[in-house]
Each structure stands twice: as structure tokens, then as C-alpha cells.
1. Write down Rg/Rh for the chain, rounded to two decimals, with Rg from the C-alpha atoms and Rh from the Kirkwood relation over Cα pairs.
2. Find, among the trypsin sites (Lys or Arg not before Pro) in region 287-346, those assigned to loop by DSSP (not H, G, I, E, B) with at most 13 other beta-carbon atoms within 10 angstrom.
3. If you fit an axis through the alpha-carbon atoms of helix 57-71 and take the longest principal axis of the Cα set of the chain, what angle between them do you get, 0 to 90°, nearest 10?
4. For the charge dipole of the chain, defined by +1 on Lys and Arg C-beta atoms and -1 on Asp and Glu C-beta atoms about the Cα centroid, which residue among Leu310, Leu33, Ile22 has the Cα displaced farthest towards the positive pole?
5. With equal scatterers on the alpha carbons only and no solvent term, can you work out the Debye log10 of I(q)/I(0) for region 66-177 at 0.13, 0.14, 0.17, 0.20 1/Å?
6. Take every DSSP beta bridge with both residues inside the chain and express the antiparallel ones as a percent of the total, to the nearest 5.
7. List, in order, the whole-Hz ³J(HN,Hα) value for each residue of region 142-147 obtained from phi through the Karplus relation with A = 6.51, B = -1.76, C = 1.60 and θ = phi - 60°; use x for Gly and Pro.
8. Mind ranking 143-150, 17-24 by how tightly packed they are, going by the mean number of other C-beta atoms within 10 angstrom, highest first?
Amino acid sequence: MKAAVSDRSIAPDRRVIVISDIHGQLDYLTALLDKVGYGGSDLLVIDGDFVEKGARSLDTLHYVMRLVSERGAWVVCGNCDDWGRALRSAPTRPDGGAGLVRYLLKKPNALLNQMCAGVGVTAAAVPTAELASVLLDGYAEEFAFLDSLPTVIETEKYIFVHGGITDKPRAEWDDYGCKKFDYFLHTDYAFDKWVIVGHQPVMLYRESVVDANPIIDHARKIASIDGGCALKDDGQLNALIIPAGGGEFECAAYDKFPRAKTLSAQRGGGASFYIRWGDAEVRVLRRGEEFSLVRHARTGYEMEVLTKYLRREGGRTTVNDCTDYVLPLERGDIVSVVERTSRGYFVKHGGVSGWYFGEIEEADK
């Protein structure tokens, strides 16, 4: 299926705020919009995946619909947003829609589960065809909105797409390929216009440091902005800001973590590694109550991880995303505290996650 491309223009006096991968975290979205001072003539572009994963997908959908109708926001369809098509096609699939029901049973925060709650049904209680009919009728306005979203928005200087594009003529761009283009930055594509994408959490592009800040590749004109909101324990919601009249991009971010002030400096740095989703198999060398020593299966790298992060999956041991990176910090730096342990604190500073082994005190928000 071909990608639906919408051609639009941006007035030169408008500031553009681009946010992707909200994933049902409505409080993150509203807090970030407040932080960047969204208002007036600002143009907000939501670059896909605004539902799924988080606890308030349906509320987020309604809020985004209001942003479009009342504020003229632009929205691109992400691979997690195309539920109208998925719901219509499920009963006609060879499994009769059983795959969709299995997904909903495993994902309590799924948009369709929240819709089911609103109309008083459960996914497993009725045949898939009946479920599809009930939801499509009960949420006709919502599905009409989702169905209307373009795959790509192209302007004079920018292309907004959730996953990525190829260098083929745009008439050959594939709809699903544009929405779900894993590791887009690992291709050799370069463009004449800025291509702004989400989908792939930016920290997955880094080998040893967990950095949730947007990646801006000036040589190839690609900006990747997914900060791992709702997917990563230490994730954040990023905003890429295009100043009125153009110029260098600016960035802002929001996360939910309590703020603290460091009471001493630490040098940080040294050897480190990042075990992450998709490459998380480990062998446990020593299991402890709070920390365990593991060896990464692919690389052989050994590190201490929080024992609560260990998982058994299909006969393998995996670990939740983690790193042993030690952050370089100065006394008085403000950090976001992700984990408090007997050995120190796992924190974020400037979007980068790592360990701090000094003392902290609560900081004003």
C-alpha cells in the first residue's frame, strides 16, 4: 500500500514544535507543551505513535483531536496509531482475529482495551467481528480521525514521517515501511530536505551511553527524536523546535522523575556498556538480593545489574535496559533520580543516564 503524503506549507513567522512517540502519556505531553510555551502562532506537529503503551491512550487521542480542531496541529500516523484498519481487517484474517485478541489480553493499556471499557465489553468476551462492529460504531469519530491521518507530511523544507523514508520517488514509498522503519539512522540515506522521524528510541543507536536526546545529523539532514517515553524506564518526551524563520534546531524534554541536587563532584567516564532491548540476553554469574553479576551473551561484557531487572523469557535470561556508565557530575548539578539503591543513584543529567555515588538532596522542581 502506498504512503499517503500530504503537501503543506509553513508560514515563515511560525515556530514549529515537533513531538513524537507520546504513547498515551498525556501528562508528559501537557507538561512538555507548558515547558516550551506552546501558544499563539506556534505550529505543533505530532510525528506519530501518540497512543499505545501508556495508561491514557484514549484520553491522549481525544486531546490530540482537540489540538487539531482547535489549534490546527498537524499529526502523522505512526505504526501504533492505525487501529481502524487493524480492527476492520482482523475478522477477515486466517485466524479470525485471534491474534488481535491475544494482543489485547497481553496489553491492558492498549487503546482498544480502553475503548472496550468505555462501551462495557471485553475483547475476550465477544467474537472479533462483533467486537470490531461495536467499537467502530461506538467510536466512529475517533476512527474517522485516525483514518484521516497522513503517513507523511511534506513541506518546502521538512518531511515529517514516523519511521522514515527511502530515496525512491515518493510515489513508491510504502505506507507501513514509512511508519515502522527500524534503525533508520543506520541506513546510508541522505536528503535535500530535513527528514524528522520518531519510532526508534534514540538511545538504541548508542553502544555505551544511554542518551535520550534527539540525534540531529546535519550532513544527511535527518533528525531522530524519540526519547523512549513509556518504553524506557528512564525515558523522556522530546520536543524538536524549529525557530520562526528557520535556523538551528532547539530541543526540550520532560520526564516524570524527582529532581535532586548533587552534593559532591564525581569524575565519571571510564569503560561502560549499555544492555538494551533486542540485545538483552545475559548469563547470570552471581545472583544477589539487590545486584547480580551478569555476562552479556553477545559481547561477553560483564556488569552488575539490579536483580529486579532480570527476566526469564523462552528459556533465556534477559535483563531490562541497563548500563554501568558513571556520569561526570559537578557539585550542585540537578539530576533526575530514576533508581535509589544501597550503592548509589541511577540518575539522568541533560538527558544522559548513569550512576552517581555521592550524596544528594531534594531540589526544587
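1. That ratio is 0.98, to two decimals.
2. Listed in order of number, the matching sites are Arg287, Arg298, Arg331, Arg343.
3. The two axes meet at around 60 degrees.
4. It is Leu310, whose Cα lies furthest towards the positive end.
5. Each listed q maps to, in turn, -0.60, -0.68, -0.91, -1.10.
6. Of those bridges, close to 75 percent are antiparallel.
7. Working through the residues one at a time gives 5, 6, 4, 5, 4, 5 Hz.
8. So the peptides 143-150, 17-24, ranked by packing, come out 17-24, 143-150.
The values are calculated or read from the model by the stated rules, or taken from the named source; none is laboratory data. Since we're looking at a predicted model, the values are computed, not measured. Here the Cβ is made from the backbone with ideal geometry for all residues, glycine too, and neighbour counts use every protein chain on show. Accessible surface areas use protein heavy atoms only, side chains included; no ligands, DNA or RNA. Shrake-Rupley method; radii C 1.70, N 1.55, O 1.52, S 1.80 Å.
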